[in-house]
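The values are calculated or read from the model by the stated rules, or taken from the named source; none is laboratory data. This one's a predicted model, so the numbers in the text were calculated from it and none came from an experiment. Here the Cβ positions follow ideal geometry from the backbone for every residue, glycine too, while neighbour counts run over all protein chains shown. Keep in mind that these areas ignore ligands, DNA and RNA; they rest on the heavy atoms of the full protein, side chains included. Shrake-Rupley method; radii C 1.70, N 1.55, O 1.52, S 1.80 Å.
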Amino acid sequence: MLANYGYSDGSGNYFITIDTDKCNACGECVEACPANIFEMADEDPNDPMNAEPLPIVLPEKKNKLKYECATCKPSGDNRPTLPCVMVCEGCAITHSW
Amino acid sequence: MLEGKKPEFWRWTESNWINPDIGWEEARFITLGIDVGSVSSQAVIMTDGNMYAYGNMRTGADSPNSARNALKFALEKTTLNEDKISYCIGTGYGRVNVPMADRTVTEIACHARGANFFYGSKVRTVLDVGGQDIKAIRCDEKGKVTNFLMNDKCAAGTGRGMEVFADLLSVPIGEVGERSYLVEKEPPAVSSTCVVYAKSEATSLLRKGLSTNEVLAAYCSAMAERIYSLLKRIGIEPEFAITGGMAKNIGVVGRLTKKMGLEPLKTSWDTQLAGAAGAALFGFALCHKRNG
Ligand code: SF4
Ligand code: SF4
């Protein structure tokens, strides 16, 4: 499942996508993120028949991603690899901006 | 309109229903789905996965009471007692405040499951426009979610935005869609669906001499544009279905489907019930899993 967390508003699209099929629920993203954007859920909130743990983007962060992620995304051309993307072995995390 | 109460142009009709063809007495599992949205609340009662009764009403000031009232309304025409219900799932924006819920499930999962039930297993893309959010969902033939996004940052492009707009122009919400097509030439879309901006833009368009119908058309078209851009993000795959109250607004749906080049599937069910129906179905599936 591609879970897109975030929003689009007048200024652009701000979505973090977690591909749950590529995720092994290691929890590294939760540890790596300086803004504490992720959390491990006990089970997939969007699939009640699947009782496996899964990382989600915290509801109270999801509508502020542009600002929450700002420290990892300095403006300019050579953006460093994002911590959340770097630690994820399955490459399950992508950002839309 | 100097005296008396201003009519409430946003108000839609509340309704409840019972299936005349089935009873609950023989059912193995009676499950309840309650969807407490920001604008409307629904309770759907299923007997072994079949629609048995429902109630659909406006959400009140607090979620627990809205859930209780929707259930009472659904039970009204039945001889069923609340204590006969085997399992209850709460969903929607107010789902954590459904007092009788055994568990909660997100509205994403429930709308996909409900659309699969109402429109059949061919549904792959589900759009739900609720009171305060837009959900774009892709699902498989079982109604399981494969890709989703939900935009609830603001009321732009949502049912609430449409209500504010209908009220501003003193047009009953049920007539907005039809009247938006009573224009000779389609006006350009308003530049923003942001409720605050759209309001002032509408006022200035009226002052410029546009008719009420033209302003409605301009707003419906902006909403369709906004919804379309969110759908494109998850990828549109046929068949396509729309749930939620906005499905009833042909002004937005007509313009949206024209952009998409896809006709939405039709159902005889009230599209506002999809979330609660999905919840009741998950309740049934979970009862089965638990009891073998
Ligand atoms: S970019 Fe930085 S702040 Fe944003 S989710 Fe990734 S690690 Fe967290
Ligand atoms: S780091 Fe990647 S694999 Fe590990 S929990 Fe996060 S998303 Fe899943």
query: Per residue of A:6-13, what is the mean number of Cβ atoms on other protein chains within 10 angstrom of that residue's Cβ?
result: 5
- prompt: Normalised by the number of residues in region B:121-264, what is the relative contact order in percent for Cα pairs under 8 Å and 6+ residues apart?
  reply: 31
About the Cα centre, charge dipole magnitude for chain A (Lys/Arg +1, Asp/Glu -1 at Cβ), debye: 580
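What shape does chain A take by its C-alpha gyration tensor, where a ≥ b ≥ c are the square roots of the eigenvalues and a/c under 1.5 counts as rounded, a/b above b/c as prolate, and the rest as oblate? Intermediate values should be presented prior to the final figure.
Details: a/c = 1.98, a/b = 1.46, b/c = 1.35.
Prolate, because a/c is 1.5 or more and a/b exceeds b/c.
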- line: Under 23 Å between C-alpha atoms, the lysine pairs in region B:53-206 lying 8 or more places apart or on different chains count 8
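Looking at the square roots a ≥ b ≥ c of the eigenvalues of the Cα gyration tensor of region B:1-141, which shape do they give, rounded for a/c under 1.5, prolate if a/b is larger than b/c, or oblate? Provide the component values of the computation, followed by the final result.
On the way: a/c = 1.69, a/b = 1.21, b/c = 1.40.
It is oblate, given that a/c is not under 1.5 and a/b is not larger than b/c.
Taking Rh as the Kirkwood radius computed over C-alpha pairs, what is the Stokes-Einstein D of chain B at 25 °C in a medium of viscosity 0.890 mPa s, expressed in µm² per second?
Working: Rh = 19.5 Å.
Roughly 126 µm²/s, to the nearest whole number.
Per residue of chain B, what 222 nm ellipticity follows from adding -39500 (n - 2.57) for every DSSP H run with n ≥ 4, rounded to the nearest 500? Can you show the working numbers first?
Values: 8 runs with 106 residues, N = 292.
About -11500 deg cm²/dmol.
Rank-order A:43-51, B:252-260 by packing density, defined as the average count of other C-beta atoms within 10 Å over each peptide's residues, highest first. All intermediate terms of the calculation are to be shown ahead of the outcome.
Numbers: A:43-51: 17.4, B:252-260: 20.1.
Highest to lowest by the protection proxy: B:252-260, A:43-51.
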field: Highest average packing first - B:215-226, B:34-45, B:63-74, B:80-91, Cβ atoms within 10 Å
entry: B:34-45, B:215-226, B:63-74, B:80-91
- prompt: On full extension of the chain, what length is gained from residue A:94 through residue A:79, given 0.36 nm per residue of separation minus the C-alpha to C-alpha distance?
  reply: 4.0 nm
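Under a Cβ-Cβ cut-off of 10 Å, what is the net charge of the residues other than residue A:52 that fall near it, where Lys and Arg count +1 and Asp and Glu count -1? Walk me through the intermediate numbers first.
On the way: positive: none; negative: A:42, A:43, A:44, A:47.
In short, -4.
Leaving out ligands, DNA and RNA, calculate the buried accessible area for the pair A and B with a 1.4 Å probe, summed over both sides, in Å² to the nearest 100. Working shown, then result.
Values: alone 5960 and 13650 Å², together 17720 Å².
Interface area, both chains combined: 1900 Å², rounded to the nearest 100.
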message: Under the √(5λ) rule applied to the eigenvalues of the Cα gyration tensor, what semi-axes describe the equivalent ellipsoid of the protein assembly as shown? Give them in Å, descending.
response: 32, 32, 18
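Provide the gained length on full extension for the span residue B:207 to residue B:102, in nm with one decimal, where the gain is 0.36 nm per separating residue minus the Cα-Cα distance. Present the calculation step by step, with values, prior to reporting the outcome.
Values: separation 105, 0.36 × 105 = 37.80 nm, distance 5.35 nm.
Residue separation times 0.36 nm, minus the Cα-Cα distance, leaves 32.5 nm.
Give me the Kirkwood hydrodynamic radius of region B:121-264 in Å, from all C-alpha pairs, to one decimal place?
15.2
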query: When you count, for each residue, the other Cβ atoms within 10 Å and take the mean per peptide, how do A:81-93, B:112-124 rank with the highest first?
result: B:112-124, A:81-93
field: In degrees, nearest ten, helix B:250-260 long axis to first principal axis of chain B (Cα)
entry: 90
